[in-house]
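Reading through the structure tokens given below for one structure.
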Amino acid sequence: IINLGNDIGSDKRERSKDRHKSRSKDSRSEKSVTINTPPAEPLLGDSSVRGEQVQDDNWGETTTAVTGTSEHSLSQEDIVRITKDLEDSVGLDCRRYFTLTLGVILGLLVFLTPLAFLVLPHLLWPEKLHSCGTACEGLFISVAFKLLILLLAVWALFFRPPRAGLPRVFVFRALLAVLVFLFVVSYWLFYGVRILESEDENYQGIVQYAVSLVDALLFIHYLAIVLLELRQLQPYFSVRVIRSTDGETRHYNLGQLSIQRAALTIIEHYYSDFPVHNPALLSASKSRAAKHLAGLKVYNVDGECPEAPAEGPGNNAAAGLAHSQSRAMIAAAARRRDSSHNELYYEDAEHERRVRKRRARLVVAVEEAFTHIKRMQEEEQKKAPGDVMDPREAAQAIFPSMARALQKYLRTTKQQHCHSMESIQQHLAFCITNNMTPKAFLESYLTPGPTLQYSRDHWLARQWTLISEASVTSGLKDGSVFLLKCVDFSLVVTSKKIPYIQMSEEYIDPKSHKFVLRLQSETSV
């Protein structure tokens, strides 16, 4: 019995390889398009292209960088999906500008209406108006300051940069916009019927009417603050967010929000709380699982090929041989399954040993480089001001001394795709400028940081997809489940209602726990 290592004959192997090559070539020509993309300047390239190769510790003594092109295959379905995403993005932009335009028009209507109430009588029937006394002039000042306060409040609450594009309309904001529109229209109808048609001569009453409109608008703005900002502050639900690929989990407390608003809050927390998604670690685990779960194939080296037994009385012997081979294969699979945990244990132990070893080398190299920087700074203080080296030049000068150790460590921990040479040199210059220690410089590489710590090319998702059985405008409920899908992974969100807490008080008499210490003269106490 030989485990996936030998074949029956070289001619059969060559024929199978030719068939496989032709079949793969035909499938690629029919269903996929190959696009060559320029490299993103990783520190040592993408290890997924080279596979799981364990390299010697002395590798790369004279190597500084490796560049090349990467190939990605896109199927026809992927191209259609990309086209659909482009169309959706254009639609979202148009909807965002349309909403902004409606908001600006409604705001102008709100702020120009009180001024129109005050100006129209002077334009239409100025000779009939009664003179405005001191009280009326004081109302002018009141209207001016109230409009200024309302303008600043509306700007602070509504005219903020949009955080995201939501799939549905924000219900409370739409209701407030409709309420303001109906309120202003009703004031205009009353103004047209009772003041414009009758040409009211009491100008002080007209000014008081405009003041009442501004007061009502201020109260509506207070209602907007309560609905949009204060209502969601008190936590009502505890949500659990699980990343589908590696199972990374976080818990958050949210208030009374709709599903789409809760999804937006979770995505904002994701970029600052979750560690960066590293697909290289997932590919390593998949390759290990495939290696352990690989099937076994049995060949009869001494006899004929058992795949095509001859007709006749030799069938019984062939059947017995196949039965014995199947039993042997089952036994070999069982033995391999029993020993797979030992292989995994030793692989993990060896990987941890290599990580600790290369981490120690990296720490020593960085400390020596920073010591060299201090010596250079002490020497430059004695030089003329024009000869002082800036932090960028200092970073470029000491980077080669630590580059090899950093390359090996990032490759071992599979972080080479997250850090480029340019980003490392910028971080090194930043640490030198702010007089930071070697430990502060290494923290970004020894400990995987949050997603926002890395460049936008590694974490920026152009679009998130919200999947929910319930309507996304409905509020969160106990047991609500929805998904947030990205390009490479998805976030599974489940909500639980925070239970009602009943707290009681128990009074303890301060005299109940007092005691008396009686001393005896016979003892030393």
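Some points to look at:
- Applying 1/(1 + (r/R0)^6) with R0 = 56 Å to the Cβ-Cβ distance of L102 and D509 gives a FRET efficiency near 0.25.
- Each label was represented as a point 7 Å from its Cα along the Cα-to-Cβ direction; for Q463 and E350 these points are 4.5 nm apart.
- The figure for I220 is an accessible area of roughly 20 square angstrom, using a 1.4 Å probe on the protein chains alone.
- Pairs exceeding 25 Å between alpha-carbon atoms, taken from K374/K414; K414/K496; K374/K439: K374/K414; K414/K496.
- Approximate spin-label separation V364-V171, in nm, with each point projected 7 Å along Cα-to-Cβ: 6.4
- Taking θ as phi - 60° and the Karplus parameters 6.51, -1.76 and 1.60, the scalar couplings of the stretch 125-135 work out to 9, x, 6, 8, 6, 6, 5, 8, x, 5, 4 Hz in sequence order, x denoting glycine and proline.
- Modelled FRET efficiency - R0 56 Å, R194 with E380, Cβ distances, 0.05 increments: 0.10
- FRET efficiency for the pair F430 and R231, taken as 1/(1 + (r/R0)^6) with r the Cβ-Cβ distance and R0 = 35 Å, rounds to 0.25.
- Pairs of Cα atoms nearer than 8 Å and 6+ residues apart set the relative contact order; for the stretch 392-525 it is 14 percent.
The values are calculated or read from the model by the stated rules, or taken from the named source; none is laboratory data. Every value quoted in this text rests on a predicted model; they were computed, and no experiment measured them. With ideal geometry, Cβ positions are generated from the backbone for all residues, glycine too; neighbour counts draw on all protein chains shown. For accessibility, only protein heavy atoms count, side chains too; no ligands or nucleic acids. Shrake-Rupley method; radii C 1.70, N 1.55, O 1.52, S 1.80 Å.
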